[in-house]
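Take a look at the structure below.
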Amino acid sequence: AHNNSALLLGPRGTGKSLVLERALSDAASEHPEHLVAVRLSGIVHTDDQQALRSVAQQLCDQQRLAYSKSASFEENMTFLHDMLSECARAQRSVVFVLDEFDLFATRPKQTLLYTILNAMHSSQVQAVLLGVSCRLDAAELLEKRVLSRFSHRKLVFSVAGGGVDAATSLMTSALTVQVDDDVDKEKAAYMTRFNETTQRVLASEPVRSALALPATLDSSHRRFCEMAAVALTRMDREEGVLRAADVEFACAESMRGALTVAMSGCSVLELWMLVAMHRLKSRRKRAVASFSEAYAECTANGSAVAQSVESYGRMCAKRSWENLVNMELLKESGSRGRRTRRAGSQFHQARLLVPECLIQEMLQKHKQVPTLLQAWMRTECA
């Protein structure tokens with residue numbers, strides 16, 4: 001009745017391992033002599049024989065026993081059963097932590113999982129199995145004999161929402177320096193000035209706009225801690241405080257990898273659509289816009305730009321818009337109904353997910369980009 005198993009599921013960076021380690025640390029501090037933790041990783045332990053060998057070695061180390069490297073798979077399995085019984089008689093509970101749990105579940109016969117869960121069904125054993133996985137369907141990967149011994153407990157973690165406000169709060173928390181009482185006055189004054197300047201920078205409108213894109217795609221605590229570290233590397237050592245440009249650079253760098261790969265396959269017409277969306281956002285103050293509005297931005301006033309885009313045709317332009325949505329360079333807002341799908345989404349509002357610096361970089365690298373498109377990116381709206 002005391003033996004349970006559970007899964008901690010959710011995307012990377014949502015705090016699964018942090019919560020688990022905090023819980024184990026609290027339990028170990030309250031009951032230091034009654035808890036034995038055994039940790040395995042599906043990435044490190046690539047087969048069940050290696051994983052079972054690591055279990056035996058960790059149990060030997062914690063019980064101060066000699067470990068035999070020459071022990072066979074069957075001997076390690078027998079040792080596991082005997083050790084679990086001995087720990088129970090000594091009123092010690094064994095906690096198995098399986099990181100990347102889904103990798104253990106995809107192996108033939110799932111021998112390790114079955115061995116542990118089957119042993120936990122004994123009344124002479126006190127043990128818990130905790131699996132950590134990014135796959136929400138990890139439990140569905142289990143074989144029938146393993147699934148029947150699983151406790152079907154799940155803790156699902158999700159990325160914190162809140163948009164720009166939550167992103168600003170996370171960045172503030174990561175960049176704020178704690179001023180201790182035992183710090184001398186000169187250092188305390190500098191720390192206070194650094195914190196006040198950081199809060200002012202993060203509250204500024206350009207920085208909030210730069211944080212909007214990372215907050216839309218990935219608002220995990222880990223993501224913003226990495227961005228804070230990049231911003232600190234750009235800080236002017238003579239000034240000793242962060243500038244808005246440092247945080248904006250960190251935001252652009254955080255998105256550079258995925259967006260650059262996606263944009264490398266864009267056609268010239270798709271780049272016309274991206275620049276049109278950028279003009280609507282930056283110069284006409286339109287946070288979201290539809291295909292019709294972007295196409296009208298390209299074809300307004302009968303200019304050379306209009307002639308260039310119109311030569312492709314409206315249907316080709318609309319197909320390019322849909323490609324940008326599929327590549328997640330544009331994010332459509334709201335839900336699509338039947339009427340919207342039949343209309344080709346030409347009136348459906350979308351948000352640009354590509355920062356200005358990456359658009360300019362792609363216009364310079366793309367071999368077929370006309371000079372007119374680069375000039376249109378730089379010019380002001382009429």
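The values are calculated or read from the model by the stated rules, or taken from the named source; none is laboratory data. Just so we're clear, the structure is a prediction, and the values are computed from it rather than from any experiment. Using ideal geometry, Cβ is built from the backbone for each residue, glycine included, and neighbour counts are taken over all protein chains shown. These area figures cover heavy atoms from the full protein model, side chains too; ligands, DNA and RNA do not enter into them. Shrake-Rupley method; radii C 1.70, N 1.55, O 1.52, S 1.80 Å.
Label the range 1-89 by shape, choosing from rounded, prolate and oblate, from the square roots a ≥ b ≥ c of the eigenvalues of the Cα gyration tensor; if a/c is under 1.5 it is rounded, and otherwise prolate applies when a/b is larger than b/c, oblate when it is not. Each step should come with its number before you reach the end.
Working: a/c = 2.05, a/b = 1.32, b/c = 1.55.
It comes out oblate by the Cα gyration axes.
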Exercise. Hey, of (1) 142; (2) 174; (3) 216, which did the structure itself give for volume of the Cα convex hull per residue in Å³ when calculated?
Worked result: (3)
For this session: Report, in whole Å, the centroid distance computed from the Cα atoms of the range 214-290 and the range 110-166.
Result: 37 Å
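Return the calculated 222 nm mean residue ellipticity for the chain, to the nearest 500 deg cm²/dmol, obtained by summing -39500 (n - 2.57) across DSSP H runs with n ≥ 4 and dividing by the residue count. Intermediate results must be reported in sequence, preceding the final value.
Details: 18 runs with 212 residues, N = 382.
Theoretical 222 nm ellipticity from helices: -17000 deg cm²/dmol.
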Exercise. Label points 7 Å out from Cα along the Cβ direction at VAL156 and GLU328: separation in nm?
Worked result: 1.9 nm
For this session: For LYS109, list the lysines whose Cα falls under 20 Å from its own Cα; do not include residues on the same chain fewer than 8 positions away.
Result: LYS144
Exercise. Along the positive direction of the dipole of the chain (beta-carbon charges: Lys, Arg +1; Asp, Glu -1; about the Cα centre), which of GLN199, MET327, VAL36 reaches farthest?
Worked result: MET327
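Looking at the square roots a ≥ b ≥ c of the eigenvalues of the Cα gyration tensor of the range 69-129, which shape do they give, rounded for a/c under 1.5, prolate if a/b is larger than b/c, or oblate? Mind showing how you got there, number by number?
Working: a/c = 2.04, a/b = 1.34, b/c = 1.52.
Taking the square roots of the gyration eigenvalues as a ≥ b ≥ c, the range 69-129 is oblate.
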For this session: Sequence neighbours fewer than 8 away in the same chain don't count; with that in mind, list the aspartates and glutamates whose C-alpha is under 20 Å from LYS16.
Result: ASP26, ASP99, GLU100, ASP102, ASP137, GLU140, ASP218, GLU226
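Over 27 Å between Cα atoms: which of LYS69/LYS154; LYS331/LYS365; LYS285/LYS318; LYS285/LYS367 fall into that group? If you can, show how the numbers build up before the last one.
Working: LYS69/LYS154 36 Å; LYS331/LYS365 24 Å; LYS285/LYS318 22 Å; LYS285/LYS367 30 Å.
Checking Cα-Cα distances, LYS69/LYS154; LYS285/LYS367 exceed 27 Å.
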For this session: Work from the charge dipole of the range 50-89 (Cβ charges, +1 for Lys and Arg, -1 for Asp and Glu, about the Cα centre) and give the residue of LEU84, SER72, CYS60 farthest towards its positive end.
Result: CYS60
Exercise. Roughly speaking, what is the stretch gain from ARG283 to LEU24, that is 0.36 nm per residue apart minus the C-alpha to C-alpha distance, in nm to one decimal?
Worked result: 88.0 nm
Problem set entry | Charge dipole (debye, nearest 20) of the range 176-233; +1 at Cβ of Lys and Arg, -1 at Cβ of Asp and Glu | 280 debye
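Calculate, for the chain, the solvent-accessible area per residue in square angstrom, rolling a 1.4 angstrom probe over the heavy atoms of the protein chains.
On the way: 20430 Å² over 382 residues.
Value for the chain: 53 Å² per residue.
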Exercise. Which of these, ASP246, ASP61, ASP180, has the largest mean-square fluctuation under a Gaussian network model of the chain (Cα springs below 10 Å)?
Worked result: ASP180
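Taking the Cα centre of the chain as origin, work out the dipole magnitude from +1 charges on Lys and Arg Cβ and -1 charges on Asp and Glu Cβ, in debye rounded to 20.
Numbers: 47 positive and 43 negative charges, 366 e Å.
The dipole magnitude comes to about 1760 debye.
Round to a whole number: what % of the accessible area of the chain belongs to carbon and sulfur, probe 1.4 Å? If you can, show how the numbers build up before the last one.
On the way: 10330 of 20430 Å².
So the carbon and sulfur contribution to the accessible surface is 51 percent.
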Exercise. For the range 214-322, with only Lys/Arg (+1) and Asp/Glu (-1) charged at the beta-carbon, what is the dipole magnitude about the Cα centre, in debye rounded to 20?
Worked result: 340 debye
For this session: Can you find, among MET235, HIS278, TYR295, the residue farthest towards the positive end of the dipole of the range 178-315? Put +1 on the C-beta of Lys and Arg, -1 on that of Asp and Glu.
Result: TYR295
